[in-house]
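Down below is the structure, laid out as structure tokens.
Nothing in this text is a laboratory measurement; each read-out follows from the coordinates by a stated rule. Keep in mind that what you see is a predicted model, and the values were worked out from it rather than measured. No Cβ is skipped: glycine too gets one built from the backbone with ideal geometry, and neighbour counts run over all protein chains shown.
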Amino acid sequence: KAGVTQTPRYLIKTRGQQVTLSCSPISGHRSVSWYQQTPGQGLQFLFEYFSETQRNKGNFPGRFSGRQFSNSRSEMNVSTLELGDSALYLCASRPGQVNEKLFFGSGTQLSVL
Amino acid sequence: ILNVEQSPQSLHVQEGDSTNFTCSFPSSNFYALHWYRWETAKSPEALFVMTLNGDEKKKGRISATLNTKEGYSYLYIKGSQPEDSATYLCAFSGGGADGLTFGKGTHLIIQP
């Protein structure tokens, strides 16, 4: 079974631009979550999608948005990039229940210049 | 804002020694406690998900205990090996709309 796939692996953008990250979950998994990893803050929850609906949302500004498609693939969008958005963005999938373990992708390393 | 604390922040252990570290979390509205291992250049990998007070889980040389009444979990590694070097993360779930709240991790280095 293929694991969680995230694209692209690395991304360099400039302030003010927008970016879209993609995540393909493990086949059969209907829940996809997004996390931001920065050296000082650790892993912070962005949002979770389940069956194309946002189920949970973390404490991030509205510039961070996401969506999920009928095949469970998910995209995350960040508009009007700021220097502080430079981070590793991790996607994780699970079959569906809240108490199930997460399966993480390798992440997208975003650098904002 | 939920507070999940892990201690120590980093730990150096001699190969063959046993070690343990702590995760503290809110004792109210508990739903589940997760442990993950994150090796350098890899993705975080789940070790355990625990839901009941008094739960004990074991996977090879690694085990974990859970006390939901006082809000802590211990992770134990017996007979540390170099491949155990990683950052160990715990994550709290209150079952609500906040997703998983992760601690900042314990960075474990096993010295040969």
Within 10 Å of each Cβ in B:36-46, how many Cβ atoms from other chains are there, averaged over the peptide?
4
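Report relative contact order for chain A in percent, whole number only (criteria: Cα-Cα under 8 Å, sequence separation at least 6). Numbers along the way, then the final one.
Details: 292 pairs, mean separation 41.2, N = 113.
For chain A, the relative contact order is 36 percent.
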For the B:LYS69, A:LEU83 Cβ pair and Förster radius 45 Å, calculated FRET efficiency rounded to 0.05 is 0.55
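So, R0 is 22 Å and r is the distance between the beta-carbons of B:SER27 and A:ASN99; what FRET efficiency does that work out to, to 0.05?
Values: r = 18 Å, r/R0 = 0.82.
The pair B:SER27/A:ASN99 has a calculated efficiency of 0.75.
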Between B:LYS78 and B:LYS42, what length comes free when the chain is fully extended (0.36 nm per residue of separation minus the Cα-Cα distance, one decimal in nm)?
10.7 nm
Under the Karplus relation with 6.51, -1.76 and 1.60 and θ = phi - 60°, whole-Hz ³J(HN,Hα) for region A:104-109, x at Gly and Pro, equal 9, x, 7, x, 10, 8
With θ set to phi - 60°, apply the Karplus curve 6.51 cos²θ - 1.76 cosθ + 1.60 along region B:29-38 and write out the HN-Hα couplings as whole Hz, x wherever there is a Gly or Pro.
6, 7, 10, 6, 10, 10, 10, 10, 10, 10
If you wrap region A:18-72's Cα atoms in a convex hull and average its projection over all directions, what's the area in nm²?
4.3 nm²
Integer Hz, Karplus 6.51/-1.76/1.60 couplings in order for region B:79-87, x for Gly and Pro
x, 3, 10, x, 6, 7, 4, 4, 9
To the nearest 0.05, how large is the calculated FRET efficiency for A:ASN59 and B:GLN111 if R₀ is 35 Å and r is the Cβ-Cβ distance?
0.35
Two pseudo-spin positions, 7 Å from Cα along C-beta at B:ASP17 and at A:LEU11, lie apart in nanometres by 4.3 nm
